[in-house]
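Presented below is the structure to which this report refers.
The values are calculated or read from the model by the stated rules, or taken from the named source; none is laboratory data. Keep in mind the model is a prediction, meaning the values are calculated, not measured. Here the Cβ positions follow ideal geometry from the backbone for every residue, glycine too, while neighbour counts run over all protein chains shown. Each accessible area value is taken on the protein alone, full model and side chains, heavy atoms only, with ligands, DNA and RNA left out. Shrake-Rupley method; radii C 1.70, N 1.55, O 1.52, S 1.80 Å.
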Amino acid sequence: MATDEKCLPFFVEGEVVKGFGRGSKELGIPTANFPEAVVKGLPESMKCGVYYGWASVDSGPVFPMVMSVGWNPYYHNTVKTMETHILHNFKEDFYGNVLKVIMLGFIRPMEDFSSLEALIAAINQDIAMCKERLKDPAMDSFQHNNFFHPYADHAGASCSKL
């Protein structure tokens, strides 16, 4: 397994909090953000970059997701974030709800972009790669993992929770 993936799969859950407000408005790619305490709970070995896996809100249906972990150099962020784009169109915001994700693989390192258009194009490539990698039958078991069920026993899972 590549060094970027030595702590994967990684199970994480937390309350969805308001982010910078750029995902939906500026990028057209809405994200659900974890609180800073959850971000601080990431293993030191987990590098900044873009990851893929599965996500669920309030133990609902499980959807593919891509997640940016880091400082987003294009925006010159000073706070490390975990911004999850769930590949599903939700009818309304779900701030305050519980987001659960299983991070399964690393797509690419964090990078700066010369333009907003280049950033959006890279995110769309990340989404396409996520869809392709999740077609692997080995990934299907994670979509149906007990972690996403409200009464499951999570003993032994690598998990950060707030």
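Can residue 60 be described as open to solvent by less than 40 Å² (accessible area, probe 1.4 Å), within 21 Å of residue 8 (Cα to Cα) and either within 12 Å of the chain's Cα centre (by Cα) or free of Cβ contacts under 8 Å to residues at least 24 places away in the same chain (or both)?
On the way: open to solvent by less than 40 Å² (accessible area, probe 1.4 Å): yes; within 21 Å of residue 8 (Cα to Cα): no; either within 12 Å of the chain's Cα centre (by Cα) or free of Cβ contacts under 8 Å to residues at least 24 places away in the same chain (or both): yes.
No; evaluated as a whole, the condition is false for this residue.
Take the residues in region 77-94 that are assigned to a strand (DSSP E or B) and among the hydroxyl-bearing types (Ser, Thr, Tyr); name whichever of them is nearest to residue 134 (Cα to Cα).
Applying the filter and picking the extreme gives 84.
Within region 63-80, restricting attention to residues that are among the β-branched types (Val, Ile, Thr) and surrounded by 20 or more Cβ atoms within 10 Å (Cβ to Cβ), which residue is nearest to residue 102 (Cα to Cα)?
Among those residues, the one meeting the criterion is 66.
State yes or no: is residue 44 farther than 28 Å from residue 115 by Cβ, at pLDDT below 95 and of a type in the set (D, E, K, R)?
The answer is yes for residue 44.
Residue by residue through region 35-60, note down the ones that are of a type in the set (A, V, I, L, M, F, W, C), under 12 Å from residue 80 (Cα atoms) and in contact with a Pro (Cβ under 9 Å, 6 or more places away or on another chain).
Result: 48, single match.
Go through region 89-103 and count every residue that is under 28 Å from residue 136 (Cα atoms) and surrounded by 14 or more Cβ atoms within 10 Å (Cβ to Cβ).
Going through region 89-103, the residues under 28 Å from residue 136 (Cα atoms) turn out to be 89-90, 98-103.
Now drop any that are not surrounded by 14 or more Cβ atoms within 10 Å (Cβ to Cβ), which leaves 98-103.
Residues that pass the stated criteria total 6.
I'm trying to understand the selection: among the residues of region 37-57, which are closer than 20 Å to residue 77 by Cα and surrounded by fewer than 15 Cβ atoms within 10 Å (Cβ to Cβ)?
Passing the criteria: 37, 40, 44.
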